[in-house]
1. Mind checking the range 6-113 for trypsin sites (Lys or Arg not before Pro) that DSSP puts in a loop (not H, G, I, E or B) and that have at most 12 other Cβ atoms within 10 Å?
2. In whole percent, how big is the carbon plus sulfur part of the accessible area of the range 41-144, probe 1.4 Å, protein atoms only?
3. With a probe of 1.4 Å, find how much accessible area the range 36-170 has per residue, and write the answer as a whole number in Å².
4. About its Cα centre, what dipole magnitude does the chain give when the only charges are +1 on Lys and Arg Cβ and -1 on Asp and Glu Cβ, stated in debye to the nearest 20?
5. Restricting to DSSP H runs of at least four residues, report the calculated mean residue ellipticity at 222 nm for the chain, -39500 (n - 2.57) per run over all residues, nearest 500 deg cm²/dmol.
6. In the chain, if the dipole is taken from +1 on Lys/Arg beta carbons and -1 on Asp/Glu beta carbons about the Cα centre, which of VAL151, PRO94, ILE77 is farthest to the positive end?
7. Could you derive backbone 3J(HN,Hα) for the range 80-87 from the dihedral phi with the Karplus parameters 6.51, -1.76 and 1.60 (θ = phi - 60°), listing whole Hz in sequence and x where the residue is Gly or Pro?
8. In the chain, what % of DSSP beta bridges are antiparallel (nearest 5)?
Amino acid sequence: MEAKKANDYKFDISHLNLHYGDFHALKDVNMKIEANKITAFIGPSGCGKSTLFKLLAKYIEGYEGSIYLNQTEISKIDYDELWKHVQYYNSSNPILRASLKYNVALDTNVDEQRLREAVAAADLAQRFNSQDLEKDLNQNLSSGEKQKINVARFFYHRPQIAILDEVTSA
């Protein structure tokens, strides 16, 4: 997929269907999700919002129809390449038994300045000082602290498209 400016990324979804056995989870979905727009999906529990988000992020596959990111069908985009541009966040993203630094960057090659900015932007700087960034997180984190680590991931990675699926629900 060719590099685009941050404001160039958009989805074009056409005749999208997804079945779980006999259950028709998504039926003939057609929509455009435009660049430079905030798009919200509102509906009752079980109507397919999270399923659609997972399809856009390639968490699940096996759909009928088409999902294009720019002019490329996402089934043709390598998962790692897609995740450089599109990231999916939900209230149950895991917190790893590793340092805060690794939990935010999800990599051992870390931009220290970007990490400090992300931790501060997610309101974690007072809870975790610079020495704490290297220490393994104990798993006695509150739900709010886990959510803030998720938010710090967003600020650290700066995806062109962030899919936020009930990130404040836990």
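The values are calculated or read from the model by the stated rules, or taken from the named source; none is laboratory data. Please read all numbers here as calculations on a predicted model, not as lab measurements. Here the Cβ is made from the backbone with ideal geometry for all residues, glycine too, and neighbour counts use every protein chain on show. Quick note on the areas: whole protein, heavy atoms, side chains included, nothing else; ligands and nucleic acids left out. Shrake-Rupley method; radii C 1.70, N 1.55, O 1.52, S 1.80 Å.
1. On the way: sites: LYS10, LYS27, LYS32, LYS37, LYS49, LYS54, LYS58, LYS76, LYS84, ARG97, LYS101; in loops: LYS10, LYS37, LYS58, LYS84, ARG97.
Passing both the DSSP loop test and the Cβ count: LYS37, ARG97.
2. Numbers: 2670 of 5890 Å².
Its accessible area is 45 percent carbon and sulfur atoms.
3. Details: 7810 Å² over 135 residues.
It amounts to 58 Å² per residue over the range 36-170.
4. Numbers: 21 positive and 23 negative charges, 76 e Å.
Here the chain has a charge dipole of around 360 debye.
5. Numbers: 5 runs with 44 residues, N = 170.
Value at 222 nm, helices only, nearest 500: -7000 deg cm²/dmol.
6. Working it through, the farthest residue towards the positive pole turns out to be VAL151.
7. Result, rounded to whole Hz: 4, 5, 4, 6, 6, 10, 10, 10.
8. Numbers: 15 of 20 bridges.
Antiparallel: roughly 75 percent of the beta bridges in the chain.
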